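Encoded as structure tokens, the structure appears first; notes follow it.
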Amino acid sequence: MAERAGCFGCHGPGGLRGAANPGRTDETVPNFEDDVMMYVRSPEEIREWIRDGVTRRRSVSRTWRAERERGALRMPAFRNRLRGRDLDDLVAYVMAVSGNPEPEDSLAALGLERADSLGCVGCHGPGGRLARSNPGSLKGYVPSWDGGDFPELVRDSTEFRQWIAHGISSRFERDPLARFFLERAMLRMPRFERHLRPGDVESLWAYVQWLRASAAADSMAPRP
């Protein structure tokens, strides 16, 4: 959605490298990874920024309005272009790339850290929240950890351990059709058995459970 909406034209590939913005004090368009939380404080403010081109809080700031006028590039309002699920998806993408929210639970936080160190985020995206394209796979993408199809792939912590250690669960290994699509996919789940530290699977599982609980809570939150 971010690419289709044209976000990467100013915020850079993946939203990770903002373009130069002459006239502004900060000199560049903010990127999603490091800069976004200097401008917004919550998912709702990200929604306001995308929908209206500014948050309500900043819209009343004379300093901010003057700074905006000096810049060559200005954040457009997508109110008439993005609605409903498309807007939700874009907010979720910005939150994922910015690494927010982060778990307060120490075991889940360690899981997030290990997911990055083990390279999980390369395919599953920042925080395991993106469904990156995967040609040849059954659904055409790498499943995100907070996605709706995750329970179809991982029923419990035992299957999660099998996927992490062996690159496949025992249930899928016994299923010829599942193996067909897994073997046909361009990106395949690697075997991490030789690379795991004691406690890695437990901390990764704690993070995934935290992430899914957070996603479920967010889906129940009222939308303006």
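Okay, here's what the table says:
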{"quantity": "Farthest positive-ward along the chain dipole, Cα basis, beta-carbon charges - from Ala96, Ala115, Gly127", "calculated": "Ala96"}
{"quantity": "Long-range amide H partners of Thr28 with built H, under 5 Å", "calculated": "Asn21"}
{"quantity": "Solvent-accessible area, 1.4 Å probe, carbon plus sulfur percent, for the range 1-59", "calculated": "52"}
{"quantity": "Highest to lowest packing among 205-214, 169-178, 190-199, scored as the average C-beta count within 10 Å", "calculated": "205-214, 169-178, 190-199"}
{"quantity": "Label assignment, Rg and Dmax of the Cα atoms in Å derived from the structure, set [x] 18.4, 57; [y] 19.7, 64; [z] 16.1, 46", "calculated": "[y]"}
{"quantity": "³J(HN,Hα), Karplus 6.51/-1.76/1.60, whole Hz, each residue of the range 9-18, x for Gly, Pro", "calculated": "x, 9, 8, x, x, x, x, 9, 8, x"}
{"quantity": "Cβ charges +1 (Lys, Arg) and -1 (Asp, Glu), total dipole of the range 5-105, debye", "calculated": "760"}
{"quantity": "5 angstrom amide H check on Tyr141, placed H, neighbours 5+ away", "calculated": "Asn134"}
{"quantity": "³J(HN,Hα) computed for each position of the range 189-205 - Karplus, 6.51 cos²θ - 1.76 cosθ + 1.60, integer Hz, glycine/proline x", "calculated": "4, x, 9, 9, 3, 7, 10, 7, 8, x, x, 4, 4, 5, 6, 5, 5"}
{"quantity": "Selected from Trp49, Trp64, Trp163 as most flexible by GNM, with the chain as the system and alpha-carbon contacts under 10 Å", "calculated": "Trp64"}
{"quantity": "Assigned charges on the beta-carbon of Lys, Arg, Asp, Glu; the chain dipole about Cα centre (debye)", "calculated": "760"}
{"quantity": "Additional length obtainable on full extension of the chain from Ala20 to Asp156, 0.36 nm per residue less Cα span", "calculated": "44.3 nm"}
{"quantity": "Accessible surface, the chain, averaged per residue in Å² (probe 1.4 Å)", "calculated": "59"}
{"quantity": "Simple label model, 7 Å out from Cα along Cβ direction - Met38 to Glu69, nm", "calculated": "2.3"}
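The values are calculated or read from the model by the stated rules, or taken from the named source; none is laboratory data. A quick note: this is a predicted structure, and the numbers were derived from the prediction, not measured. Please note: Cβ atoms are built from the backbone with ideal geometry, for glycine as well, and neighbour counts cover all protein chains shown. Surface areas here come from the heavy atoms of the whole protein model, side chains and all, with no ligands, DNA or RNA. Shrake-Rupley method; radii C 1.70, N 1.55, O 1.52, S 1.80 Å.
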